[in-house]
Every structure is written in C-alpha cells, then in structure tokens.
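Student: Just passing along the structure, written as structure tokens.
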Amino acid sequence: MPLQLDSAARRVLRAKAHALNPVVAIAKQGLSVSVLKEIDHSLVAHELVKISVFNDNRAEREGLLAEICEKLEAAPVQHIGKRLVIWRPRPEGEAAEKPVASGKTERRSKRSYQNA
C-alpha cells in the first residue's frame, strides 16, 4: 500500500522537488524491472525523486505513478505534465550516500597565477 501524505507535507515536498532534475526516465518500453530498481535506488539515496515520463497519455502517466508508489511503498507527491515526483522516507539507520565528485577541477583566479 502506498504511503499517504497530508496536504501540508505534500506542499513542503513539492517545494523541495522544484529545484530537482529528473533522475529516472520512463520511455516507450514502460516500467521495467530495471527502471523500478533505479527508482528504488534513487529513493534510498535521496528520499525525494523526480521522474520523467515520455508518454502523452495523462491517464497512463497516472497509472504509472500509482504502480510505482504501490510497488515501492512510496508516496505520490506531484504529477505535473510529464514529471512525476515521489517520496519515501529513508529506512532507520541508513545514512545518505555521499555525493560523487563531478571530476571538475577547481579553477584558479588570474590573481593566483600572478602571485605564483
């Protein structure tokens, strides 16, 4: 059974999700086992996840949202356009994953070159 959120909690989560980029995309193949695993992994790491759905049928997107929340025991937060937002609290005792470095190096200012 999916989690249920009251309107105040949903409002707070929608505000947090506004700045998020989608981490998972559901294409024409639909909701596969590997897509569900990736969503589950993202929920463990982040609790709040935004998903892109490449489907023009709103009813099918609503069905996908319900199916995802049912299978992963998550709460639907928002369905706006082709974006779905879901939330599931992190299990007790599990720490968040450390962010992975992007590989970019820090740029030095011109002044630091002149002083070197």
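Student: DSSP loop GluC sites (Glu not before Pro) in the range 27-76 with at most 13 other Cβ atoms within 10 Å of their Cβ, which ones?
Tutor: Qualifying residues, ordered by number: 73.
Student: Which loop-located trypsin sites (Lys or Arg not before Pro) does the range 1-88 contain, where loop means any DSSP state but H, G, I, E or B and the Cβ has at most 15 other Cβ atoms within 10 Å?
Tutor: 28
Student: Sum up the charges of everything whose Cβ sits under 14 Å from the Cβ of residue 60, counting Lys and Arg as +1 and Asp and Glu as -1, but leave residue 60 out.
Tutor: Once all neighbours under 14 Å are counted, the net charge is +1.
Student: Still on this structure: Considering only the other residues whose Cβ falls under 15 Å of the Cβ of residue 21, what net charge follows from Lys and Arg at +1 and Asp and Glu at -1?
Tutor: +3
Student: Using the basic label-point model (7 angstrom from Cα toward the beta carbon), what is the residue 80 to residue 57 distance in nanometres?
Tutor: The answer from the label model is 2.6 nm.
Computed from the coordinates by the stated procedures, all read-outs in this text should not be read as laboratory data. Source: prediction; values computed, not measured. No Cβ is skipped: glycine too gets one built from the backbone with ideal geometry, and neighbour counts run over all protein chains shown.
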